[in-house]
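Written out below as structure tokens is the structure these notes cover.
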Amino acid sequence: MDRILLSTLAYRPPEAVFPYVRSFTDYPRYTEHLKEVRVHGDGDVGSIYDLKLAWWKLSYTASSEVVAIDAPSSLEWRLVNDLDARGEWRVEPEPESAPDGEETASRIYFEAVYDPHSADENTLSLPRFVSLDWVVKKVEPKLLGEAREVVKRLVADIEGRPRDVELMVHEMP
């Protein structure tokens with residue numbers, strides 16, 4: 001299993017941050033590769049989010065189920081189709097990291113644990129002569145760059161203005 005663990009700071013308390021990380025239907029604004037999000041349920045535990053992704057010549061809809069919510073600190077998810085993956089959004093108070101002029105701060109963590117080779121090649125509609133291994137080798141390096149953009153845009157929504165954000169990479173495959 002591969003693991004990605006990233007974090008950044010938002011200059012708001014966890015109670016103000018958590019609704020943004022929980023709002024999956026807003027995520028297409030944060031990345032060009034997520035085209036649409038449809039929710040089946042009310043957003044609570046048991047809700048399924050269909051995440052329509054597109055990159056290069058590939059398109060895929062991942063279905064993610066919310067498996068646990070402990071607001072305002074944690075939301076756990078797992079993919080329910082075609083790929084063995086699970087993860088968590090976690091928000092922890094970190095007021096000591098607030099810079100001058102800011103009242104408080106929270107650390108936002110994103111964790112994903114996945115097996116890139118568990119994907120069903122038949123559901124990915126890979127172009128002829130393109131292997132899953134080739135796609136994995138191309139996609140994994142792009143994940144960090146994509147994560148930086150998502151975090152930057154997410155923090156801008158949370159704080160109400162864009163700024164440079166530091167993305168800490170705690171673990172990558």
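The values are calculated or read from the model by the stated rules, or taken from the named source; none is laboratory data. Nothing here was measured: the structure is a model prediction, and the numbers come from that model. In this analysis, Cβ positions are derived from the backbone assuming ideal geometry, glycine residues included, and neighbour counts consider all displayed protein chains. Ligands, DNA and RNA are excluded from the accessible area calculation, which covers all protein heavy atoms including side chains. Shrake-Rupley method; radii C 1.70, N 1.55, O 1.52, S 1.80 Å.
Table for the structure above
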read-out: Close pairs (6 angstrom Cβ cut-off, 6 or more residues apart or separate chains): within 13 Å of Arg22 (Cα to Cα) in region 56-82, open to solvent by 40 Å² or more (accessible area, probe 1.4 Å) and basic (Lys, Arg) anywhere; value: Glu65/Arg78; Val67/Arg78; Ser74/Arg90; Leu75/Arg22
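One line per residue, one yes/no per condition, for (1) open to solvent by 70 Å² or more (accessible area, probe 1.4 Å); (2) under 24 Å from Arg161 (Cα atoms):
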site	(1), (2)
Leu9	no, yes
Arg12	no, yes
Val17	no, yes
Phe24	no, yes
Glu32	yes, yes
Gly46	no, no
Asp50	no, no
